[in-house]
1. Of everything in the stretch 71-86, what is more than 17 Å from ASP12 (Cβ to Cβ) and at pLDDT 60 or above? Give them in sequence order.
2. Take the conditions of a type in the set (Asp, Glu) and either modelled with pLDDT of 85 or more or surrounded by 16 or more Cβ atoms within 10 Å (Cβ to Cβ) (or both) and apply them to ASP130. Does it pass?
Amino acid sequence: MEPLRVGVLEEDEVFRRGLMAVLGEEDCVCIVLGGDREMFPEAAGAEASLDVVVVCSRSLSEAQFTCPVVVLATPELAGQERGHAASTVMATMPHEGLTSQQLVASVRAAAAGLRVEGASLSRRDDQILDPQSIEVLKLLATGANTRAIARKLQLSDRTVKTLIHDIQLTLGTTTRAQAVADGVRMALI
């Protein structure tokens, strides 16, 4: 498998080096964009050959990219990426609290043409689902049916069906599979 060519446009040097270290461990070729061209000569003209660009939301308005973009958004600038060429923004992740797994997964997903939105940016509040609903969603993700969930959580079948219905309403889905997919996408499970 060919390594991904990832451009990194981040103002904070320490954070930029951290991003590059994490991506470098995953066999990604990292190229600094908007950095010191003397220190990073490989960045000159590299934009055209990149597979993905990771950019902080503060710098997003300064550049236009034709490849997929992973935006690292701060809470005060969340949503700014919607004004950008929406077709290129494939992932929006939190700048604060971003894990290495989230970074790598969002870069790989963007390179594959999948859209991703970080859970902390997509939720209106910290608790979109109560703990019991999250437990039901986790069991659904394992393939458990209503009866198995009811036995595991010591609930009635009817209560489990109601919980699943409420989860689907909250997440705006129509099937159990969609609810599980949204739960994974939003990092609820």
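1. Across the stretch 71-86, there are no qualifying residues.
2. In short, yes.
The values are calculated or read from the model by the stated rules, or taken from the named source; none is laboratory data. Quantities reported herein were computed from a predicted structural model and do not represent experimental measurements. As a convention, Cβ positions derive from the backbone with ideal geometry for all residues, glycine included, and neighbour counts pool all protein chains shown.
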